[in-house]
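The values are calculated or read from the model by the stated rules, or taken from the named source; none is laboratory data. Just so we're clear, the structure is a prediction, and the values are computed from it rather than from any experiment. As a convention, Cβ positions derive from the backbone with ideal geometry for all residues, glycine included, and neighbour counts pool all protein chains shown.
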Amino acid sequence: MDNANGHAGLLRIPKLLRALVRADEVWLAVLAAVVGICAGCGVALINEASFLMHQNLFQLGPGMELSETPRLDPLRAIAVPVLGGLFFGITLWVLARFRPKPLVDPIEANALYGGRMSLTDSIIVAAQTAWSNGVGASVGMEAGYAQLGSGVASWLGRNFRLRRNDLRTLVGCGAAAAIAGAFNAPLCGAFYGVELVIGIYSVTTLPFVVIASLLGTLTVQILGFGAPPLNVVLPETVPHDAYGIILIEGIACGIAGIVIMRGVTLIEAGFRRSGIPVWLRPLLGGAVVGLLGCVTPQAMSSGHSALHTYIDVRFPFLVAMGLFLAKSVASAFSIGAGFRGGLFFASLFLGAMFGKVFAGIVSIMPFVTPMPVGLYAVVGMSGMAAAIIGGPMTMTFLALESTQNFAVTMAVLAAAIAATITVRRLFGYSFATWRFHLRGEQIRSAVDVGWIHALTVGRMMRAVPVTAKPETSLEVFRQEVPLGAVQRVVVVDSDRQYVGIAYPAEAAIVTGEHRSVRDIMHHQDHFLLPGMTVKEALGMFESAEADALPVLDGPDTRQVLGLLTEQYALRRYNEELDRRRREVSGE
C-alpha cells in the first residue's frame, strides 16, 4: 500500500485550510460533497467503459446491455471471456510481482487502518472490475464503484490530515456516493455507507454520508447514467396473512445465500489445491461463463440490465430455476477463478429469480393467498442481497427507491431481516467479511477494531523494576527486596531467561532452611509477547489468574523485555472504549 501508511503523493494543502476542515463541520460537509461528486464521476466512467466493451466485444445492438440480450453469437460468447480471462490472469501475475500485498477495500480500511487506503490500489481495483465485467464475467461492479469512491475520499482526507474518525466517515461517504449513483438511490447509498463501510449508526456521521450520497446521485444523473426504476407490478397493499410466507421466503433467501457464498469459497479453494497457475485460472473461469452464456446471456456480466428487463416477466418454473442456477454457477466460477468484482449486483438478479422460483412453489399451495409474482421477486431480491452483502436497511431502501412503491415496505423489510438473522445464526458472516475470515482476519463488520490492533502489549509494557535469580536463598531475597518495596519480582536465570514470578509477601511467610526463590515461583509458563493486542493480553491474565505478567521477546529465547499489569491494561482498554463511545455520540 504505497499511500496507505505514508504521505507519499499527497498534495500541499495550506495549513489554514486543513485547520478549517478539522475544526468546523461545515467544511467537512463541503469535503463530503466533493467526494460525492468525484464518486459519481467514477461511476459514470466505469459504466461507460463496461458498456463500450460489451458493445464492441460482443457486437450487441444499439443501446443493448449484455445480460438483457436474448442471444449471443456462440463464438463470441466463449472467446471473449476466455481471452479476456487470459489477459486478466497475466496482469494478475505481473501485479503480484510488483505489488504483492493484498489490495485493501473500504471495509477492511475502516476496520483496521482508520480509513487509510491507497489511491493507486483503488484505481487498479476499479480498472480490474471494469475489465472483468466488460469481458462478460459474472461479477458485480459495486466493488469498483465503492473502491474508487472510497479511495478518492481517503486520499483527500489524508491530504487534509483528518482525524481517524473523520477519515473513516469520509471513506464511508465515498462508498455511499458511488452506490447511490450506481442505483440512482440516495437513501440506499447512504445506508450502504453507514451499515457496511462505517459499521455503526451515528448522528455525527449520517449528515455527511447523506450529503455525499445525494451529490453522487445527482452527478450520475447529470452525466446521463442514472438507472431507471424497476418496472414491476406490485400490490397496493400486502395482506396481513401474507407475511408468514414472506418471512419463509426471507429465511429461504438466507439459506440460499449461504450456499452461494460457500460455493464461491469451495471453487476458489479447488483452484488453489489444483495447482493451476494463477494466471490460467481466469481463463478457465471465463470458459465456464462463456458456455453458460451460450445457453443464456443472463448468466453473464453483473445482471443489472437483466434485472430491469425480466423482473416482471413470469417464467415457467423450470426456466426460472435454470436461470437461477446458471447465474449462481457463473458468479461462483467468475469470482472463484480470480475475476475482480463483487456479488452485490449478481445477488439482486439471483434474488429476483429465486423469488420467481419461490412463487412457483407457493402457487401450488391452496392455503396461501395469491400474490403477484413481482412481489415475490422484489422480496427475494432484497432478501438475497441482505443475506449475501449484509445491510437489511440498505436493501430495503434499494427496493423502495428502485420500485418507487412504498406499499411493500414492511414486506421487504421483514424478508431482509429474516434473511440477515438466518445468515448470522447459521453462518455468521457476509460475503466480504467471510473472505476476510478465510485470510485469517477476524473482521465481522467495518466497526473500527484497528485501535485494538494498535494497542499492543509492546506499547503498554513498563520496565521491570527488580529481578532475582531462582537459586537465591529466601533470606537473601528478603534482604534485597524488603516487604513493601515492590509487589512482584521477575525471576531470571543466569542467561537472563524468564523462569517465573516471585512475590515478596509470600517470601515473608515461607520459612525453613535451604529455601530459595525457586520454591515460591509462579507463572513459569505464562507470559506475554510484544505483538499481542490488549484483548489477547486480558485473556492471558484471566487464564493465568495473574495480576501481572512479564513481556518476553519470544517463547524460545524468553528474554524479558518488560512487565504489564492487568490493572493498567484494563484502564487503557476502557479509556479507548470510552473515547470511541464519545466519538459515536458526538460528545
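Condition check: acidic (Asp, Glu) and modelled with pLDDT of 90 or more. Does ASP578 satisfy that?
no
Looking only at the stretch 129-174, filter to residues that are small (Gly, Ala, Ser) and within 11 Å of ARG116 (Cα to Cα); which one of those is modelled with the lowest pLDDT?
Only one residue fits best here, namely GLY157.
Pairs needed: first member in the stretch 496-511, on the phi < 0 side of the Ramachandran plot; second member anywhere, outside any loop (DSSP other than H, G, I, E, B) and at pLDDT below 85; C-beta distance under 6 Å; at least 6 residues apart or different chains.
These pairs meet every condition: PRO504/LEU483; ALA508/LEU483.
Would you point out the residue of the stretch 246-260, among those that are of a type in the set (Val, Ile, Thr) and surrounded by 21 or more Cβ atoms within 10 Å (Cβ to Cβ), that is farthest from LEU375 (Cα to Cα)?
Per the criteria, the residue is ILE260.
Which of the residues belonging to the stretch 207-225 are without any contact (Cβ under 8 Å) to a residue 60 or more places away in the chain and surrounded by 19 or more Cβ atoms within 10 Å (Cβ to Cβ)?
Across the stretch 207-225, the qualifying residue is only VAL210.
Please count how many residues of the stretch 223-267 are of a type in the set (Asp, Glu) and farther than 21 Å from MET384 by Cα.
Here the count works out to 2.
Give the residue, chosen from ALA485, ALA507, ALA502, that is in the same structural domain as GLY562 (by TED's automatic domain parsing), at pLDDT 90 or above, over 30 Å from VAL238 (Cα atoms) and more than 44 Å from the chain's Cα centre (by Cα).
ALA502
Report, by residue number, each residue of the stretch 120-171 that is basic (Lys, Arg) and out of contact with any Gly (no Cβ under 8 Å at 6 or more places or on another chain).
The answer is ARG158, ARG161, ARG163.
Among the residues of the stretch 133-163 satisfying the criterion of being in a helix (DSSP H, G or I), farther than 16 Å from VAL43 by Cβ and not charged (D, E, K, R), which is farthest from the chain's Cα centre (by Cα)?
Looking at the filtered set, the residue picked out is ASN159.
Looking at this structure, is THR204 surrounded by fewer than 24 Cβ atoms within 10 Å (Cβ to Cβ), of a type in the set (Val, Ile, Thr), part of a helix (DSSP H, G or I) and touching a residue at least 40 places away in the same chain (Cβ under 8 Å)?
no
Residues of the stretch 61-111 being of a type in the set (Ser, Thr, Tyr) and more than 30 Å from GLY193 (Cα to Cα), which ones?
Across the stretch 61-111, the qualifying residues are THR69, THR91.
Among all residue pairs at least 6 apart or on different chains, which show Cβ distances below 6 Å where the first residue, located in the stretch 267-289, is closer than 16 Å to ILE335 by Cβ and the second is among the polar types (S, T, N, Q)?
Short answer, once both residue conditions are applied: GLY285/SER334; VAL289/SER138; VAL289/SER334.
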